[in-house]
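Data first, discussion second: the structure below is written as structure tokens.
The values are calculated or read from the model by the stated rules, or taken from the named source; none is laboratory data. Owing to the predicted nature of the structure, the values given are computational and were not obtained by experimental measurement. Backbone-built Cβ (ideal geometry, glycine too); neighbour counts: all protein chains shown.
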């Protein structure tokens with residue numbers, strides 16, 4: 001069975017810093033940046049490469065700011 005590796009991409013300008021994504025990330029991949037976007041919000045960011053591609057973060061994001069990519073590893 002192939003292993004699946006995930007990766008998230010956050011549209012930092014769409015993110016309003018609601019922080020709904022971080023608690024649903026079972027791998028602890030998401031945290032809020034200390035930086036601010038142009039609207040003055042802290043935005044979500046990937047802090048490690050443990051993402052499994054489960055898409056929980058993208059599903060709870062009310063602004064559609066998170067895209068999840070999956071890659072099968074052999």
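Suppose we keep only residues that are exposed (fewer than 12 other Cβ atoms within 10 Å of the Cβ) and either in contact with a strand residue (DSSP E or B) (Cβ under 8 Å, 6 or more places away or on another chain) or under 11 Å from residue 7 (Cα atoms) (or both) within the range 36-49. Which one would you say is modelled with the highest pLDDT?
Only one residue tops the list, namely 48.
Table: residues versus (1) assigned to a strand (DSSP E or B); (2) under 27 Å from residue 1 (Cβ atoms); (3) at pLDDT 95 or above; (4) touching a strand residue (DSSP E or B) at 6+ places or on another chain (Cβ under 9 Å).
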residue: 34; (1), (2), (3), (4): yes, no, yes, yes
residue: 51; (1), (2), (3), (4): no, yes, yes, yes
residue: 57; (1), (2), (3), (4): no, yes, yes, yes
residue: 72; (1), (2), (3), (4): yes, yes, no, yes
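If residue 30 meets every condition in (1) closer than 25 Å to residue 3 by Cβ; (2) surrounded by fewer than 13 Cβ atoms within 10 Å (Cβ to Cβ); (3) touching a strand residue (DSSP E or B) at 6+ places or on another chain (Cβ under 9 Å) apart from one, which number is that one?
For residue 30, the failing item is (2).
Out of all the residues in the range 10-18, is one or more out of contact with any helix residue (DSSP H, G or I) (no Cβ under 8 Å at 6 or more places or on another chain) and without any contact (Cβ under 8 Å) to a residue 12 or more places away in the chain?
Within the range 10-18, not a single residue is out of contact with any helix residue (DSSP H, G or I) (no Cβ under 8 Å at 6 or more places or on another chain) and without any contact (Cβ under 8 Å) to a residue 12 or more places away in the chain.
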